[in-house]
Amino acid sequence: MPLAVCATPIGNLEDVTLRVLAELAAADTILCEDTRHTRGLLERHDLRGRLLSYHEHNEAQRTAELLPRLEAGERVALVSDAGMPGVSDPGARLVRAALDAGLEVTVLPGPSAVETALVASGLVAEQYRFLGFLPRGEQALAQLWEELREWPWPAVAFESPRRLPATLRSLAAADPEREAAVCRELTKRFEEVVRGTATELAERFAEPPKGEIALVLGPSAAEASDHVPLAAVAELVVAGVPRRQAADVVSRLTGVPRNRLYRESL
């Protein structure tokens, strides 16, 4: 039997697919981060199952234990506390080991905190970037904001409520007019989506909120103001100036990164 990777609700226990419920009912073993949490999901849907803990502290050990059982034909379902296992949650190691061993792996899709937050924010575009959990520390955050200044699409990240105020203050210092949204307790009873500029959100969340947080960042405010420098590069190119030289000149005059001007003027 294949290893079944099962997406579970990100909050509301009704947000689970029929396929996932059927797989959990049929599994010989259900691997889960927290057996108490997963037992609550099973009880909500009148299911029973043999639960086995699988988390970041025993992932390597469990993977070694489970491969022979999968090879012997045991039916194993892998879940996390919320969302898709292996995406900012344990599971990727077991999936890779199973595939390397020539075992079949099937993925049963379901709720996604990333896409739910992105759509709820109103900042959807043709692309987006998932950042996982944000780095800790002022310097690491400052480096990330600088990197994202050249990313012209939305980005989604997870953050702890305790660190959220400091994170928003850091973002406001780097890019005060950047549009963003704090998505809290998605799909749960006290769901809240607060939209605004980085400065407005830093003021709104001066103290840590309660609940799980997904932070959506719109395109950099600096990125939105690049149309004038880009037009200047285009005019210089029409006048006969080599594109790289034109980008270099406009970059020195405006502060917009030269590589961005060159790339986006192509």
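The values are calculated or read from the model by the stated rules, or taken from the named source; none is laboratory data. Everything quoted here is computed from the prediction, not taken from an experiment. Quick reminder, even Gly has a Cβ in these numbers, built from the backbone with ideal geometry, and neighbours come from all protein chains shown.
Which condition does Glu159 not pass, out of (1) over 10 Å from Ile213 (Cβ atoms); (2) touching a residue at least 40 places away in the same chain (Cβ under 8 Å); (3) surrounded by fewer than 22 Cβ atoms within 10 Å (Cβ to Cβ), if it passes all the others?
Status for Glu159: all satisfied but (1).
Please indicate, with yes or no, whether at least one residue in the stretch 82-98 is among the charged types (D, E, K, R), closer than 14 Å to Val5 by Cβ and either in the same structural domain as Val156 (by TED's automatic domain parsing) or loosely packed, with under 14 Cβ neighbours inside 10 Å (or both).
Within the stretch 82-98, one or more residues are among the charged types (D, E, K, R), closer than 14 Å to Val5 by Cβ and either in the same structural domain as Val156 (by TED's automatic domain parsing) or loosely packed, with under 14 Cβ neighbours inside 10 Å (or both).
What's the total number of residues in the stretch 91-122 that are closer than 19 Å to Ala60 by Cα and assigned to a loop (DSSP other than H, G, I, E, B)?
Selection size over the stretch 91-122: 4.
Return the only residue of Pro2, Pro9, Pro90 being touching an Asp or Glu at 6+ places or on another chain (Cβ under 8 Å) and over 28 Å from Ala157 (Cα atoms).
Within the list Pro2, Pro9, Pro90, the selection yields Pro2.
Please go through the stretch 179-194 and give me each residue that is over 16 Å from the mean Cα position of the chain (by Cα) and without any contact (Cβ under 8 Å) to a residue 60 or more places away in the chain, ordered by number.
Glu179, Arg189, Phe190, Glu192, Val194
In the stretch 101-123, what count of residues is obtained for those that are surrounded by fewer than 21 Cβ atoms within 10 Å (Cβ to Cβ) and either over 22 Å from Val20 (Cβ atoms) or polar (S, T, N, Q) (or both)?
The number of residues fulfilling the criteria is 6.
Residues being assigned to a strand (DSSP E or B), over 30 Å from Glu14 (Cβ atoms) and either assigned by TED's automatic domain parsing to the domain that holds Ala82 or basic (Lys, Arg) (or both): count how many of those fall in the stretch 154-195. Talk me through it step by step, then tell me what you get.
Taking the stretch 154-195 as the starting set, the residues that turn out to be assigned to a strand (DSSP E or B) are 155-159, 179-184, 192-195.
Next, only the ones that are over 30 Å from Glu14 (Cβ atoms) stay: 179.
Add one more test, that the residue is either assigned by TED's automatic domain parsing to the domain that holds Ala82 or basic (Lys, Arg) (or both), and what stays is none.
Total meeting the criteria: 0.
Could you name every one of the strands (runs of 3 or more DSSP E) located completely within the stretch 1-90 that has at least 2 residues being within 20 Å of Gly110 (Cβ to Cβ), in contact (Cβ under 8 Å) with a residue 24 or more places away in the chain and of a type in the set (A, V, I, L, M)?
Of the strands (runs of 3 or more DSSP E) lying wholly inside the stretch 1-90, those with at least 2 residues that are within 20 Å of Gly110 (Cβ to Cβ), in contact (Cβ under 8 Å) with a residue 24 or more places away in the chain and of a type in the set (A, V, I, L, M) span 3-6, 29-32, 76-78.
Here is a yes/no grid of residues against (1) part of a loop (DSSP other than H, G, I, E, B); (2) out of contact with any Leu (no Cβ under 9 Å at 6 or more places or on another chain); (3) within 30 Å of Leu13 (Cβ to Cβ); (4) not assigned by TED's automatic domain parsing to the domain that holds Ala198:
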site	(1), (2), (3), (4)
Val124	yes, no, yes, no
Arg136	yes, yes, no, no
Gln139	no, yes, no, no
Pro152	yes, yes, no, no
